[in-house]
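Trainee: Please see the structure below; I have some questions.
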């Protein structure tokens, strides 16, 4: 039986007979209330309930394929549920996307400087 399979059994101490290894169970420190982040006591501003980008804003869209952000889109119209975007490469207006999948285009990093 593989060591990983033995871990899934749930026993605290199992001895692997073939190799003579006693697996150790990691112990995690208990939660310490004194170490909790209690914040500053100031009220936190609620995030906007809906779309906040105006038409003409260059944006990035989260890909449904690999969850990366794709550039090359402009907000064409703001709707109650999200945005209608225009693809810059061919000018095609795309179907409505929810505002969670759209963000303002970020400037490229200059990591080589």
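The values are calculated or read from the model by the stated rules, or taken from the named source; none is laboratory data. All of these numbers come straight from a predicted model, not from anything done at the bench. Backbone-built Cβ (ideal geometry, glycine too); neighbour counts: all protein chains shown.
Trainee: Could you check residue 22 against (1) modelled with pLDDT under 65; (2) exposed (fewer than 10 other Cβ atoms within 10 Å of the Cβ) and say which number it fails?
Mentor: (1)
Trainee: A further question on this structure: Tell me whether segment 101-109 contains one or more residues that are more than 20 Å from residue 52 (Cα to Cα), within 23 Å of the chain's Cα centre (by Cα) and exposed (fewer than 10 other Cβ atoms within 10 Å of the Cβ).
Mentor: Within segment 101-109, one or more residues are more than 20 Å from residue 52 (Cα to Cα), within 23 Å of the chain's Cα centre (by Cα) and exposed (fewer than 10 other Cβ atoms within 10 Å of the Cβ).
Trainee: Taking the condition of being farther than 13 Å from residue 96 by Cβ, out of contact with any strand residue (DSSP E or B) (no Cβ under 9 Å at 6 or more places or on another chain) and surrounded by 13 or more Cβ atoms within 10 Å (Cβ to Cβ), how many residues in segment 56-79 meet it?
Mentor: Count: 0.
Trainee: Identify, by number, the condition in (1) surrounded by 14 or more Cβ atoms within 10 Å (Cβ to Cβ); (2) out of contact with any strand residue (DSSP E or B) (no Cβ under 7 Å at 6 or more places or on another chain); (3) modelled with pLDDT of 90 or more that residue 91 doesn't meet.
Mentor: Going through the list (1) surrounded by 14 or more Cβ atoms within 10 Å (Cβ to Cβ); (2) out of contact with any strand residue (DSSP E or B) (no Cβ under 7 Å at 6 or more places or on another chain); (3) modelled with pLDDT of 90 or more, residue 91 breaks only (1).
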